[in-house]
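Input: a single structure, listed below in structure tokens.
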Amino acid sequence: MPTSPTPFPPDQQPSARVSVDASGALKLNGAPSSLDAIAAELQRLQAVNGSVYYYRETPYPHHRTPAAERVFALILDLHLTVTLISTPDFSEYFDNEGQSWPRDQNKRREVFRSAVMPLVLIA
């Protein structure tokens, strides 16, 4: 693990798209995946100061699947920056008040770090 992560402009920061459907099936960057493969990619991202775009088909706590819980626990354990996505095509995100917004790559990104996890919001 590098001692000082390489800084990247927001549009060039290493990232992965992780999605979990209602049945618990996992995808990594649009392709079916396993928890082990996602864990390996998340560890790689941690080493290069990367980020995660995370989509869960059932966003409400009482509908989450064990797979969704395990993936999100990995993200938290690795202290990765995560953007919570509200659409399966990754075109919209949730802001810090739970409102869904279009994700515009031309807007600046702001990172909000909390004691629990860093969240990235598109401003």
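Laboratory data are not the source of any read-out in this text; all were calculated from the coordinates shown. What you see is a predicted model; the values in this text were computed from it and never measured. So basically every Cβ, Gly included, is an ideal-geometry build from the backbone, and we count neighbours across all protein chains shown.
In the neighborhood of Glu57, defined by Cβ-to-Cβ distances under 13 Å, what is the net charge if each Lys or Arg adds +1 and each Asp or Glu adds -1?
Result for the neighbourhood of Glu57: +1.
Give me the number: length gained by fully extending Glu92 to Asp36, i.e. 0.36 nm times residue separation minus the C-alpha to C-alpha distance, one decimal in nm.
That pair, Glu92 and Asp36, stretches by 17.5 nm at full extension.
So what is the relative contact order of region 17-90, in percent, for Cα pairs below 8 Å that sit 6 or more residues apart?
Reported relative contact order: 37 percent.
Applying the Karplus parametrisation 6.51 cos²θ - 1.76 cosθ + 1.60 with θ = phi - 60° to the phi angles of region 81-90, what ³J(HN,Hα) value in whole Hz is obtained for each residue in order, glycine and proline being reported as x?
Ordered by residue, 3J(HN,Hα) equals 6, 10, 10, 7, 9, 9, 10, x, 8, 6 Hz.
Would you grab the residues whose amide H sits under 5 Å from the one on Arg103? Only those 5+ places off in sequence or on another chain, please, with H modelled 1.01 Å from N.
Glu92, Tyr93
So between Tyr60 and Asp77, what do we pick up on full extension, going 0.36 nm a residue minus the alpha carbon distance?
Extending this stretch completely gives an extra 4.0 nm.
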